[in-house]
1. Quick one: in the stretch 292-331, of everything that is under 21 Å from ARG347 (Cα atoms) and among the β-branched types (Val, Ile, Thr), which residue is farthest from the chain's Cα centre (by Cα)?
2. Given the criterion open to solvent by less than 70 Å² (accessible area, probe 1.4 Å), at pLDDT 90 or above, under 29 Å from ARG191 (Cα atoms) and in a loop (DSSP other than H, G, I, E, B), identify the matching residue among LEU233, LEU220.
3. Can you report the number of residues in the stretch 279-294 which are out of contact with any Gly (no Cβ under 9 Å at 6 or more places or on another chain) and either of a type in the set (S, T, N, Q) or buried (at least 16 other Cβ atoms within 10 Å of the Cβ) (or both)?
4. If a residue counts only when it is buried (at least 19 other Cβ atoms within 10 Å of the Cβ), in contact with a Ser or Thr (Cβ under 6 Å, 6 or more places away or on another chain) and touching a residue at least 24 places away in the same chain (Cβ under 8 Å), which helices (runs of 4 or more DSSP H) contained entirely in the stretch 39-105 have at least 2 such residues?
5. Give all pairs with beta carbons closer than 8 Å in which a residue from the stretch 188-217 that is within 18 Å of LEU156 (Cβ to Cβ) meets a residue that is assigned to a helix (DSSP H, G or I) and acidic (Asp, Glu); count only pairs at least 6 apart in sequence or on separate chains.
6. List the number of the failed condition for MET324; all other conditions in (1) in a helix (DSSP H, G or I); (2) of a type outside the set (Lys, Arg); (3) surrounded by fewer than 16 Cβ atoms within 10 Å (Cβ to Cβ) hold.
7. Of everything in the stretch 269-278, what is touching a residue at least 40 places away in the same chain (Cβ under 8 Å) and either open to solvent by less than 90 Å² (accessible area, probe 1.4 Å) or hydroxyl-bearing (Ser, Thr, Tyr) (or both)? Give them in sequence order.
8. Please enumerate the residues belonging to the stretch 151-181 that are farther than 20 Å from LEU113 by Cβ, open to solvent by 20 Å² or more (accessible area, probe 1.4 Å) and more than 12 Å from the chain's Cα centre (by Cα).
Amino acid sequence: QDNKSSIGDWSKQLDNIVFQNTLGSVGDKSRRIASISKNIAEVTGVDDTAAYRAASLCKCDLVSQMVGEFPELQGVMGRYYAMQSGETDEVALAIGEHYLPAFSGDRLASNALGKVVALADRLDTLTGIFATGLKPSGNKDPFALRRAALGVVRILLDGELDIELDRGLAIAALALQEQLPVSPEVLLELRRFILERLKNYLREQGYETSLVNAALDAPLSTLPDLVIRLDALQEFMCLDVASKLAGANKRIGNILRKSGQDIDNTIKEDIFLIEEEVTLFTDVRRISNNLDRLYKKADYTAALTLLAGLSESIEAFFDKVMVMDDNPEVRLNRLNLLSELKGLFDRTANLALLG
């Protein structure tokens, strides 16, 4: 009976199935997923036309008689009906696998197209439900948002999709905008929610909590990039000089925070008074260009090794230089130097959290 019509003919019937009162029907959700999938595909270099098509059809089997009788076959039947209707193998496979991972430890979609649609589906659910104010509380999680967030983490990390979490959230919020505006506060709250799942997942992979927190306190790019930084940090912390540099970073952070001054990052060489501050400034500027090159290549191990070479200059600076000088211009200049130094470390991790 199902095969008397094509899978595309069922899309209009999705408007009769309520997804959530504020967020509309499953048809509304499908259109949002299609928009999100197309945008994510453009960013990640996946075929955006195929992504839009797969996402548009991924929920259609919900109105089939087969899935009506056997709900556990959703997605599975979608793939077969897509193939029967003449869709490409890639689109059909993405439809069949967009529910993956369905549980903790489950496999991911086997092709990039499926991962894009799976990510879009979860981002739409998370963004929409958070925007309605129905986030999980205690043990109550009727929309399985914790599982959806873990799915996002695994797709981005293990699926190695080259897109930042913040970019994905912004794309999902934009798709929802006409139905329900998403405030920056909601997006920030959702981001924290997903990052908590990420922290738990990384701990399960054997990374220490302190290292994870330090790495996440640096600017977040893609999740695979985060793991590269974590591995570099793990290796770096085994060095003898690491604890000294972590302690120095903590000290710098405390000085900058307690100074009460607006750091403008303008360093004036002509008002340096002590040899040790000149040496530190010279060393910082000397390695800056090399660090930029290493960071662009995501070679964080080499970057941290290069930064470790500043250990003696930093130690000498703190031994000889009074940062909070009575002269406000000298004081600000030294604070700006420390701010620039800390910024070099912070591109990999906030070492102050390990000091």
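The values are calculated or read from the model by the stated rules, or taken from the named source; none is laboratory data. This one's a predicted model, so the numbers in the text were calculated from it and none came from an experiment. Neighbour counts run over all protein chains shown; Cβ positions are idealised from the backbone, glycine included. Ligands, DNA and RNA are stripped out before the accessible areas are found, and what is left, the full protein with its side chains, is counted by its heavy atoms. Shrake-Rupley method; radii C 1.70, N 1.55, O 1.52, S 1.80 Å.
1. Looking at residues that are under 21 Å from ARG347 (Cα atoms) and among the β-branched types (Val, Ile, Thr), I get ILE314.
2. LEU220
3. Residues of the stretch 279-294 that are out of contact with any Gly (no Cβ under 9 Å at 6 or more places or on another chain), as a first pass: 279-282, 284-286, 288-294.
Still in the running and either of a type in the set (S, T, N, Q) or buried (at least 16 other Cβ atoms within 10 Å of the Cβ) (or both): 279-282, 284, 288-291, 294.
Final tally of qualifying residues: 10.
4. Details: elements: 48-57, 65-69, 76-84, 89-97.
Passing ranges, in order: 48-57.
5. ARG191/ASP166
6. All conditions pass for MET324, except number (1).
7. ILE271, PHE272, ILE274, GLU276, GLU277
8. Across the stretch 151-181, the qualifying residues are LEU174, GLN177, GLU178, GLN179, LEU180, PRO181.
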